1. For A:GLY52, all conditions in the list (1) within 14 Å of chain B (Cβ to nearest Cβ); (2) exposed (fewer than 14 other Cβ atoms within 10 Å of the Cβ); (3) of a type outside the set (A, V, I, L, M, F, W, C) hold save one; what is the number of the exception?
2. Does B:LEU159 meet the test of being buried (at least 19 other Cβ atoms within 10 Å of the Cβ), touching a residue at least 60 places away in the same chain (Cβ under 8 Å) and more than 21 Å from the chain's Cα centre (by Cα)?
3. Does the range A:154-177 contain at least one residue that is within 16 Å of the chain's Cα centre (by Cα), over 17 Å from B:CYS226 (Cα atoms) and hydrophobic (A, V, I, L, M, F, W, C)?
4. Having 1 or more residues that are more than 24 Å from the chain's Cα centre (by Cα) and either buried (at least 17 other Cβ atoms within 10 Å of the Cβ) or not hydrophobic (A, V, I, L, M, F, W, C) (or both) is the bar; report the helices (runs of 4 or more DSSP H) wholly within the range B:5-106 that clear it.
5. Which of (1) in a loop (DSSP other than H, G, I, E, B); (2) within 8 Å of chain B (Cβ to nearest Cβ) is the odd one out, the single condition C:THR265 does not satisfy?
6. Just checking, which of C:PRO187, C:PRO159 is surrounded by fewer than 21 Cβ atoms within 10 Å (Cβ to Cβ) and either of a type outside the set (A, V, I, L, M) or farther than 25 Å from B:LEU14 by Cα (or both)?
7. Condition first: in contact with a helix residue (DSSP H, G or I) (Cβ under 7 Å, 6 or more places away or on another chain), more than 21 Å from A:ARG81 (Cβ to Cβ) and assigned by TED's automatic domain parsing to the domain that holds A:THR30. Can you find one or more residues in the range A:237-244 that meet it?
Amino acid sequence: MIKFLYVLLVWMPFSQLANAADVPQKLVITGSSTVAPLISEIAKAFEASNQGVRIDVQSGGSSRGISDARQSMSDIGMISRDLKPEENDLKGFAIAKDGICVILHKNNPITKLEDSQIVDIYTGKIKNWQELGGKDAPITVVNKAEGRSTLELFVNYFKLKNSDIKPHVIIGDNEQGVKTVAGNANAIGYVSIGTAEYDSAQGVAIKLLPIGGTSASIENVKNGKFPLSRNLLLVTTTEPNGLKKKFIEFARSKEVIGIVKQQYLVPITK
Amino acid sequence: MLSNSILSPLRNELALVWLLRILALMAGALVLLIFAFLLNESLPILGLVGLSAFFSDPSWHPMEGFFNLTSMLLGTLYATAGSVLLAAPLGILSAIFCRFYAPTHVARIFRNLMESLSGVPSVVFGFWGLTVLVPLVNQIHPPGPSLFAGISILTMMILPTMAMAADASFASVPQNYLRGAQALGLSKSATLLGVVLPAAKAGLLSGLILQSGRAIGETMALLMVCGNVVQTPKNIFDPIRTLTTNIALEMAYAMGSHRSALFVSGLILMLFIVVLLIAAEGINRVPKR
Amino acid sequence: MFQRDRLFTLIVWSAALLVVLIFASFIGNIIYYGLKNFSFLYLWSNPINTGREGGIFPIIISTLLILLVCMTVAIPLSLCTAIFLTEFTSQENILARFIRRSIDVLSGVPSIVFGLFGNAFFSVKLGLGFSILSGGLTLACMVLPIMIRLTQEGLRAVPPEYSLSGSALGISRSQILLHLLLPAAAPSVIVGLVLGVGRALAETAALVFTSGYVDRLPQSLWDSGRALSVHIYDLSMNVPGGETSAYKSAFTLLILVFFINSITTQLTKLWLQKRIILQ
């Protein structure tokens, strides 16, 4: 056993170092947790067709996608919104479209909420599901942490300020939001439609609410009817070249349409 | 140190001495390096809004330019105080049980249990809290993730070490104190409360302070069970956010002043620890009777 | 009088019982669900579907590599620092006092602060990015104090006759160190090492921003790698339906930590026995 560990610990790093000289081809991609699952899948496909390439995907948030790219911590950043005017030092490449929807626990009898009701819930004016015709239970408001573009888009659409929101739980990633709502019968949250549809198809106990009378589905994001939609972008600091260019082109090509759809996102192709 | 002056002369070993000196200096300088980096990353925001903004701004909304840390400071203090207040009596009583009440083999098992538990990773406690404790708290008083859950998990984390520290300080109480108490005909409880506890006070207190340090620094377990809402809790079932979880939660996507503000929370945490260490040293120094 | 005694006995026993019950339910819960459907294949296969299915092989390898980097740096550094402090300087020396004081502070620094520092220094400043290297180096800073302290204890416990008789025979300082002091202090050094490994293994907060999240087999130390504790955190927080796998990972980590703990206890016992014989 000790010998095995010894071999593993001492031999492996060195043998790998020797190999590393042959395969310097590596891309680090960081950023939005909405884009990360999609890029991970695309990266696997890309690695499969390009021998000796390794792509590391780290999820954080859109802001991290931007800052890592700027600090050269990553080769490519992922963001789940369009570039802002003050970010014109970066080059953006749209790869897919997504929406944001409000989610409830599957067993919650509520099936739709008006925009104004959502605002009232999030600002703490409505505190109990009974006031909306549901059962007598206090509402658990799930909000996103500062710096997430999902949060930005949500508060912009509902004309809120984050400081007006009275949350009970703060979450980071989309999946964390889904998990929190699935684990609490009286919770309300908002996440990427892609993540929500993917998880509810996997049997996670959540349901997606319509917004402004339009049901939250990837179909309605595609045809432009769904009001809360956004672009998913890859960003670089300079005009991409070499492997970066090859990967970005691959991520925007027809070859990945299947992968994009599998993640419940809307493909954009040239 | 006597050995330094009478051992073989050092001049033949200058290279060795310098190597040791340099490496030791590196280890010693690490704290300064950490301080310097925290300060360096905090300076932009301190220059921009000043230190007072962290205590006088209306709220913590760094994207809107508000940087108030007080409710998170209070969150840290409440969670730490609550867990220490629970863990201290439980830990001390367990140690008394171990040393004065339990049969030898039970005491041995108990000690082994505490020793093993003291090494349990905080993320495992957090995971247990998230899957077992939080749903339970939700049944009693929604929403579930709360100061209460945080205090419970922290208590479980620091209790084993607390018990071990108490056990060690009871062990160092001189035997003739006990014999003296026995000779005076004191009952067992009177001996323990009147003689053993006061005699072990210094050790107990410094153990307490060290464990407070651990509670202040705990991050992941609290991130998992506290709900992370920035607010001053009105009751024990309100969710809270501590200074440490604030860093862990927002660091991944903070930029500019926001990132800078998180390094300020790091600095404040460091200051807490230094204050605690000075307090611990003070306690260790006083009762050298 | 006797009533008070009886009451106190009752309080002590019930406190101890409460403590045991709480921890038994905690450990029992992890072991019960961890052992359910546990197979050794879990340790041997790759994670599938962000860890919901499959195993943790790459995560174990990343964890071991992070520990390797951590110990490669921490062992020589802590050994040299401890030797310098105990054998080559006096208590009152300003340099020694500064080093001792700063190591005390270092031992209290919260792990998340190490994470901040590691991210700012190793990942950004030194350009190591999210990698096993940055993670391991950050952990090395973290375990340094405990390893230095135990090495020092070991060296201090060596009877001064060792160095004195060595010196009388005209053996040089470095030879005394190498052949007399270090072997005599070895058990304590090893206890420090094992404790350090235990602490590094348990760490999560310092690794999230330094060694990152990538759950694939690292190909070099410059690749990002997910440690076991980070995997448990991610499965329980960010993966709906990840509990089953999280239980199995938590069980694995617990077993590892208990194993390391029992090694420490055994070694400490051995060391104590040896000291008694010496004296």
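The values are calculated or read from the model by the stated rules, or taken from the named source; none is laboratory data. As the structure is a computational prediction, the values presented were derived from the model and not from experiment. Methodologically, a virtual Cβ is constructed for each residue, glycine included, from the backbone with ideal geometry; neighbour enumeration extends over all protein chains shown.
1. (1)
2. Numbers: buried (at least 19 other Cβ atoms within 10 Å of the Cβ): yes; touching a residue at least 60 places away in the same chain (Cβ under 8 Å): yes; more than 21 Å from the chain's Cα centre (by Cα): no.
No, not satisfied.
3. The answer is yes; a qualifying residue exists.
4. Details: elements: B:14-49, B:53-56, B:70-96.
By residue number, B:14-49, B:53-56.
5. That leaves (1) as the condition not met.
6. Numbers: C:PRO187 fails: surrounded by fewer than 21 Cβ atoms within 10 Å (Cβ to Cβ).
Result: C:PRO159 is the single residue among C:PRO187, C:PRO159 that is surrounded by fewer than 21 Cβ atoms within 10 Å (Cβ to Cβ) and either of a type outside the set (A, V, I, L, M) or farther than 25 Å from B:LEU14 by Cα (or both).
7. Here is the first cut: in the range A:237-244, the residues in contact with a helix residue (DSSP H, G or I) (Cβ under 7 Å, 6 or more places away or on another chain) are A:237, A:240.
Those left that are additionally more than 21 Å from A:ARG81 (Cβ to Cβ): none.
So far as the range A:237-244 goes, no, none of its residues is in contact with a helix residue (DSSP H, G or I) (Cβ under 7 Å, 6 or more places away or on another chain), more than 21 Å from A:ARG81 (Cβ to Cβ) and assigned by TED's automatic domain parsing to the domain that holds A:THR30.
Quick grid of which residues meet (1) in contact (Cβ under 8 Å) with a residue 24 or more places away in the chain; (2) surrounded by 14 or more Cβ atoms within 10 Å (Cβ to Cβ); (3) over 30 Å from B:GLY65 (Cβ atoms); (4) assigned by TED's automatic domain parsing to the domain that holds A:ILE188:
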{"position": "A:LEU113", "(1), (2), (3), (4)": "yes, yes, yes, yes"}
{"position": "A:THR123", "(1), (2), (3), (4)": "yes, yes, no, yes"}
{"position": "A:ILE126", "(1), (2), (3), (4)": "no, yes, no, yes"}
{"position": "A:LEU132", "(1), (2), (3), (4)": "no, yes, yes, yes"}
{"position": "A:PRO138", "(1), (2), (3), (4)": "yes, yes, yes, yes"}
{"position": "A:VAL141", "(1), (2), (3), (4)": "yes, yes, no, yes"}
{"position": "A:SER149", "(1), (2), (3), (4)": "yes, yes, no, yes"}
